[in-house]
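Colleague: Take this structure, written in structure tokens, and hold onto it; I'll ask about it next.
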Amino acid sequence: MHLNTTDLEERKTGKDLYHYQKEAITKIFKRFEEARDDYHLLYQLPTGGGKTVIFSEIVRQYLKHHKKKVLILTHRIELCKQTCTMLSEFGVVNKVIDSKANLDDHKDYSCYVAMVETLNNRLNENKLDISDIGLVIIDEAHYNSFTKLFKFFEDSFILGVTATPLSSNMQLPMTDNYEELIMGESIESLISNNFLSTAIPYSYNVGLTSLIVGANGDYTVKSSDDLYTHSDMLGKLVQAYEERSLGKKTLIFNNGINTSINVFETFKMAGYPIMHLDNTATKKEREFILKWFKKTPNAILTSVSILTTGFDEPTVDTIILNRATRSLTLYYQMIGRGSRILKDKKTFNVIDLGNNFHRFGMWGAQVDWQKIFKYPNYYLDNLLNDEELEDNFRYEMPEDLRIQFSKTEDVFFNIKKAYAAAIKIGESSKVVLSRSIDQHAKICTENSEDVYDALALANQLGDDIDYRIDQYVKCICKSTKNFTDWLKDDYRQKLRSHLLANFDTIFEEIFGYPPED
């Protein structure tokens, strides 16, 4: 498979190729020339980098220089349609093989686009002649549904393309199906050259120890629904939106339909423009919702994974991860939905309500994809579990709340340190909570003029109190949900009682004079 440099310049149709796309095509064709006809090559490029543009140009060049045919495989109908459209822009006449396709004329085409399950059925029924297919391109190659088709293409060159060369199934690593990985431009490079927007991250620590890991290696929908439909989490979500994305076009990702519906109802009751979308929506409903989302500047769309691939809406200003995931691929796919650049959009917000930043690192940071591709189990085994993640947390007050405690230099209280100090001198662990309540009472008093102001401030310390109790129960190794919930309620009551009984005394100790009547 030979590629001349003039081949990349003479094309009159399709999109202009960027320098890094031309370099990728040259590298891939070089492997075509050097490797066996049945070689399996994987190419990685971040979401938004133009993978479809690259492989469409590869198809055009391949068909120009070879008499064999090309097959492009996708796993979703949206990707199938987008691929068909892009190929047409590049002047490649193609036939879509879907459940309704008439295959009587398939021999008249040199390029096919098909979904995995549909093609699998047609091949098993011997309704498609694939003997002359020389190149198979697999879009979103990290999905394992494609591997069932490899047996039909034992003599074909297979090119997989993906943003994240890590298999969706831990039992079927990509290194077993692909012999080599070629890495494209990094996110960092695409951002610095103005091909992608910069992500502005905002993280809200969330206790995830109630989540259950399912057979697929990620958190179960039920355990996620139980956590994210709780009033505290819904309140935290609205608070995060109001602090970081008010009035901006916002896309919210959830792990369960029940969670997304609760999110929809919560935001609707608050008076915000929101719609909900999941895979049960009809084609007509989906088109209506996405059209509304595109046209409405301050629209909020809450969804359930359905928009992680095959969805391109550059006007998205904020991505909210209202879920936790153990999937690196899903993490990059979700955030990538906001990374498309526009003339007046150079940045976008990412609000993390699932400790995903702590687990995977910041989106856009350097990732050694070669190492992940070659040693996926090593990577997966070294991911932090939820207990380890939360051990590294330190509660930070939101900016608007911290302003209300501006007279206090340091509002943090280290439960672990206080516990270790108490145990070291033989004190009961209960003194740790007493000292924490004393500190909370002090900072409330220090920033108040009277006891009513102090009680109002105490009512806003819910997240800080929950964090301290969670740290405490870990120290004493007693963390049943009922006991933890009881401790949190008891703490709040004791803090209020302490302020009511001791406000004047604490105030005078701080300021050297009693509060005004």
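Colleague: Which residue, of Glu390, Glu427, is surrounded by 11 or more Cβ atoms within 10 Å (Cβ to Cβ), in a loop (DSSP other than H, G, I, E, B) and not hydrophobic (A, V, I, L, M, F, W, C)?
Modeller: Numbers: Glu390 fails: in a loop (DSSP other than H, G, I, E, B).
Going through Glu390, Glu427 in turn, the sole match is Glu427.
Colleague: Then there is this: In this structure, is Leu461 over 37 Å from the mean Cα position of the chain (by Cα) and either exposed (fewer than 14 other Cβ atoms within 10 Å of the Cβ) or of a type in the set (A, V, I, L, M, F, W, C) (or both)?
Modeller: Values: over 37 Å from the mean Cα position of the chain (by Cα): no; either exposed (fewer than 14 other Cβ atoms within 10 Å of the Cβ) or of a type in the set (A, V, I, L, M, F, W, C) (or both): yes.
So Leu461 fails the test.
Colleague: Do we have Ser88 as in contact with a Lys or Arg (Cβ under 6 Å, 6 or more places away or on another chain), among the small types (Gly, Ala, Ser) and at pLDDT 80 or above here?
Modeller: Working: in contact with a Lys or Arg (Cβ under 6 Å, 6 or more places away or on another chain): no; among the small types (Gly, Ala, Ser): yes; at pLDDT 80 or above: yes.
When the stated conditions are applied, Ser88 does not pass them.
Colleague: Here are Phe288, Phe293, Phe253, Phe267: which of them is in contact (Cβ under 8 Å) with a residue 60 or more places away in the chain and of a type in the set (Phe, Trp, Tyr)? Before the answer, list the steps.
Modeller: Numbers: Phe288 fails: in contact (Cβ under 8 Å) with a residue 60 or more places away in the chain; Phe293 fails: in contact (Cβ under 8 Å) with a residue 60 or more places away in the chain; Phe267 fails: in contact (Cβ under 8 Å) with a residue 60 or more places away in the chain.
Exactly one of Phe288, Phe293, Phe253, Phe267 is in contact (Cβ under 8 Å) with a residue 60 or more places away in the chain and of a type in the set (Phe, Trp, Tyr), namely Phe253.
Colleague: For the range 258-272, indicate whether the set of residues that are crowded, with 20+ Cβ neighbours inside 10 Å, farther than 30 Å from Thr85 by Cα and in contact with a Phe, Trp or Tyr (Cβ under 7 Å, 6 or more places away or on another chain) is non-empty.
Modeller: There is at least one residue in the range 258-272 that is crowded, with 20+ Cβ neighbours inside 10 Å, farther than 30 Å from Thr85 by Cα and in contact with a Phe, Trp or Tyr (Cβ under 7 Å, 6 or more places away or on another chain).
Colleague: Out of (1) within 25 Å of Ser231 (Cβ to Cβ); (2) polar (S, T, N, Q); (3) surrounded by 14 or more Cβ atoms within 10 Å (Cβ to Cβ), the odd one out for Thr480 is which?
Modeller: Checking Thr480 against (1) within 25 Å of Ser231 (Cβ to Cβ); (2) polar (S, T, N, Q); (3) surrounded by 14 or more Cβ atoms within 10 Å (Cβ to Cβ), the one that fails is (3).
Colleague: Still on this structure, I have one more. What do you reckon, is Lys424 farther than 19 Å from Lys488 by Cβ and either in the same structural domain as His358 (by TED's automatic domain parsing) or not β-branched (Val, Ile, Thr) (or both)? It would help to see each step written out before you state the result.
Modeller: On the way: farther than 19 Å from Lys488 by Cβ: yes; either in the same structural domain as His358 (by TED's automatic domain parsing) or not β-branched (Val, Ile, Thr) (or both): yes.
Yes; evaluated as a whole, the condition is true for this residue.
Colleague: Spot the failing condition for Tyr452; the list is (1) part of a loop (DSSP other than H, G, I, E, B); (2) over 23 Å from Phe393 (Cβ atoms), and only one is missed.
Modeller: (1)
Colleague: Quick test of your reading of the structure: Asp176 fulfils all but one of (1) of a type in the set (Asp, Glu); (2) buried (at least 19 other Cβ atoms within 10 Å of the Cβ); (3) without any contact (Cβ under 8 Å) to a residue 12 or more places away in the chain. Name the failing condition by number.
Modeller: In the conditions (1) of a type in the set (Asp, Glu); (2) buried (at least 19 other Cβ atoms within 10 Å of the Cβ); (3) without any contact (Cβ under 8 Å) to a residue 12 or more places away in the chain, Asp176 misses (2) alone.
Colleague: A further question on this structure: What tally of residues in the range 148-167 results from selecting those that are of a type outside the set (A, V, I, L, M, F, W, C) and surrounded by fewer than 19 Cβ atoms within 10 Å (Cβ to Cβ)? Quick ask: steps written out before the conclusion?
Modeller: As a first pass, look at the range 148-167 and keep what is of a type outside the set (A, V, I, L, M, F, W, C): 148, 151, 154-156, 160, 162, 164-165, 167.
Retained after the next criterion (residues that are surrounded by fewer than 19 Cβ atoms within 10 Å (Cβ to Cβ)): 148, 151, 154-155.
So the count comes out to 4.
Colleague: Also, quick follow-up: Among the candidates Leu211, Leu227, Leu237, single out the residue that is within 21 Å of Ile257 (Cα to Cα) and part of a loop (DSSP other than H, G, I, E, B). I'd like the intermediate steps shown before the answer.
Modeller: Working: Leu227 fails: part of a loop (DSSP other than H, G, I, E, B); Leu237 fails: part of a loop (DSSP other than H, G, I, E, B).
Among Leu211, Leu227, Leu237, only Leu211 is within 21 Å of Ile257 (Cα to Cα) and part of a loop (DSSP other than H, G, I, E, B).
Colleague: Can you tell me which residues in the range 152-187 are part of a helix (DSSP H, G or I) and either small (Gly, Ala, Ser) or more than 17 Å from Thr74 (Cα to Cα) (or both)?
Modeller: Thr175, Asp176, Ile187 - these are the residues of the range 152-187 that are part of a helix (DSSP H, G or I) and either small (Gly, Ala, Ser) or more than 17 Å from Thr74 (Cα to Cα) (or both).
Colleague: Let me ask another. Count, please, the residues in the range 188-208 that happen to be among the hydrophobic types (A, V, I, L, M, F, W, C), exposed (fewer than 15 other Cβ atoms within 10 Å of the Cβ) and assigned to a loop (DSSP other than H, G, I, E, B). Show your work before the answer.
Modeller: In the first step, residues of the range 188-208 are kept if they are among the hydrophobic types (A, V, I, L, M, F, W, C); the result is 190-191, 195-196, 199-200, 206, 208.
Now restrict to residues that are exposed (fewer than 15 other Cβ atoms within 10 Å of the Cβ): 200.
This time we only want the ones that are assigned to a loop (DSSP other than H, G, I, E, B), so: none.
Of the residues in the range 188-208, 0 are among the hydrophobic types (A, V, I, L, M, F, W, C), exposed (fewer than 15 other Cβ atoms within 10 Å of the Cβ) and assigned to a loop (DSSP other than H, G, I, E, B).
Colleague: Can you tell me which residues in the range 251-275 are of a type in the set (A, V, I, L, M), in contact with a Ser or Thr (Cβ under 9 Å, 6 or more places away or on another chain) and over 18 Å from Lys222 (Cβ atoms)? Before the answer, list the steps.
Modeller: Initially, the range 251-275 is screened for residues of a type in the set (A, V, I, L, M), giving 251-252, 257, 261, 263, 269-270, 274-275.
Okay, now just the ones that are also in contact with a Ser or Thr (Cβ under 9 Å, 6 or more places away or on another chain), so 251-252, 257, 261, 263, 274-275.
Listed by number, the residues that qualify are Leu251, Ile252, Ile274, Met275.
Colleague: Only residues that are part of a helix (DSSP H, G or I), among the hydrophobic types (A, V, I, L, M, F, W, C) and within 19 Å of Asp155 (Cβ to Cβ): list them for the range 30-57, please. If you could, list the steps in order and put the result at the bottom.
Modeller: So the first thing to find is which residues in the range 30-57 are part of a helix (DSSP H, G or I), and the list is 30-34, 51-57.
If we keep only those that are among the hydrophobic types (A, V, I, L, M, F, W, C) as well, we get 32, 53-55.
Result: Phe32, single match.
Colleague: Let me ask something else about it. Would you call Asp504 of a type in the set (Asp, Glu), within 38 Å of the chain's Cα centre (by Cα) and either assigned by TED's automatic domain parsing to the domain that holds Lys407 or assigned to a helix (DSSP H, G or I) (or both)?
Modeller: Answer is no for this residue.
Colleague: Would you be able to tell me the number of residues in the range 397-446 that are closer than 25 Å to Thr505 by Cβ, in contact (Cβ under 8 Å) with a residue 40 or more places away in the chain and charged (D, E, K, R)?
Modeller: Qualifying residue count for the region: 4.
Colleague: Please specify each residue of the range 149-173 satisfying the condition of being more than 22 Å from Asp218 (Cα to Cα) and in contact (Cβ under 8 Å) with a residue 12 or more places away in the chain.
Modeller: Our first condition is that a residue be more than 22 Å from Asp218 (Cα to Cα); within the range 149-173, this holds for 149-161.
Of everything in the range 149-173, those that are more than 22 Å from Asp218 (Cα to Cα) and in contact (Cβ under 8 Å) with a residue 12 or more places away in the chain turn out to be Leu149, Phe150, Phe152, Phe153, Glu154, Asp155, Ser156, Phe157, Ile158, Leu159, Gly160, Val161.
The values are calculated or read from the model by the stated rules, or taken from the named source; none is laboratory data. Bear in mind that the values here come from a model prediction, so they are computed numbers and not experimental data. Don't worry about glycine lacking a Cβ; one is built from the backbone with ideal geometry, like all the others, and counts go over all protein chains shown.
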